[in-house]
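A short write-up of the structure that comes next.
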Amino acid sequence: MLRINDTIEIAEWELTEQFVRASGPGGQNVNKVATAVELRFEAERSPALTEPVKRRLRRLAGRRWTKEGALVIQCDETRSQARNREIARDRLAELVRKAIVVPKKRRPTRPTKGSVERRLKEKKVRGAVKRMRGSVED
């Protein structure tokens, strides 16, 4: 059970872990031990998430979202399998927490009358400066 917040918990059946050989530091150990983790979360089928949260999660996941509706997170940061597993689960929890937050709706606003007047006045001043730069006629 992966606890996201007070209301959302991801069940173990929704998560699949696969351990693969990692690249990077580790010397000969890298060739022998499968320490990298590939965490797969069946987000599309998850009863824990609402439809709007799933849509936001899909957008946040980007390339990590599969055609089948699963979210795949890979981690090979450390030489420890347990630590990589923990990091991958933390990343998943953080991504779901971000998806839970409803974005604020943008309301288009208009500039104030004073700011429009200041902008036009400044344009006139700049235009006058540029006109004065012209060649002098006798």
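The values are calculated or read from the model by the stated rules, or taken from the named source; none is laboratory data. Everything quoted here is computed from the prediction, not taken from an experiment. We place every Cβ from the backbone using ideal geometry, glycine too, and count neighbours over all the protein chains shown.
In the condition set (1) without any contact (Cβ under 8 Å) to a residue 24 or more places away in the chain; (2) over 21 Å from VAL101 (Cβ atoms), GLN74 is compliant with all but (1).
For ARG131, the stated conditions do not hold, so it cannot be described as in a loop (DSSP other than H, G, I, E, B) and loosely packed, with under 11 Cβ neighbours inside 10 Å.
Every residue, every condition in (1) at negative phi; (2) at pLDDT 90 or above; (3) more than 16 Å from the chain's Cα centre (by Cα), yes or no:
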{"position": "LYS54", "(1), (2), (3)": "yes, no, no"}
{"position": "ARG64", "(1), (2), (3)": "yes, no, no"}
{"position": "GLN81", "(1), (2), (3)": "yes, no, yes"}
{"position": "GLY114", "(1), (2), (3)": "yes, yes, yes"}
{"position": "LYS124", "(1), (2), (3)": "yes, yes, yes"}
{"position": "LYS130", "(1), (2), (3)": "yes, yes, yes"}
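If only residues of the range 24-40 that are assigned to a loop (DSSP other than H, G, I, E, B) and modelled with pLDDT of 70 or more are counted, the one that is farthest from ARG89 (Cα to Cα) is VAL33. Tell me yes or no: at least one residue of the range 27-35 is out of contact with any Cys (no Cβ under 7 Å at 6 or more places or on another chain) and within 21 Å of LEU2 (Cβ to Cβ). Yes; the residues of the range 27-35 include at least one that is out of contact with any Cys (no Cβ under 7 Å at 6 or more places or on another chain) and within 21 Å of LEU2 (Cβ to Cβ). Which residues, counting only those in the range 1-23, are under 23 Å from ARG79 (Cα atoms) and at pLDDT 75 or above? The answer is LEU15, THR16, GLU17, GLN18, PHE19, VAL20, ARG21. On inspection, THR50 passes the criterion of being of a type in the set (S, T, N, Q) and closer than 30 Å to GLU17 by Cα. Remark: pairs (first residue in the range 91-106, of a type outside the set (A, V, I, L, M, F, W, C); second residue at pLDDT below 90 and part of a helix (DSSP H, G or I); Cβ separation under 7 Å; 6+ apart in sequence or on different chains) = LYS98/LEU60. Filtered by the rule that a residue be of a type outside the set (A, V, I, L, M), part of a helix (DSSP H, G or I) and under 30 Å from LEU2 (Cβ atoms), the range 94-122 gives GLU94, ARG97, LYS98. Tell me which of these SER46 doesn't satisfy, since it passes every other one: (1) among the hydroxyl-bearing types (Ser, Thr, Tyr); (2) within 29 Å of VAL33 (Cβ to Cβ); (3) surrounded by 13 or more Cβ atoms within 10 Å (Cβ to Cβ). With (1) among the hydroxyl-bearing types (Ser, Thr, Tyr); (2) within 29 Å of VAL33 (Cβ to Cβ); (3) surrounded by 13 or more Cβ atoms within 10 Å (Cβ to Cβ) applied to SER46, the lone miss is (2).
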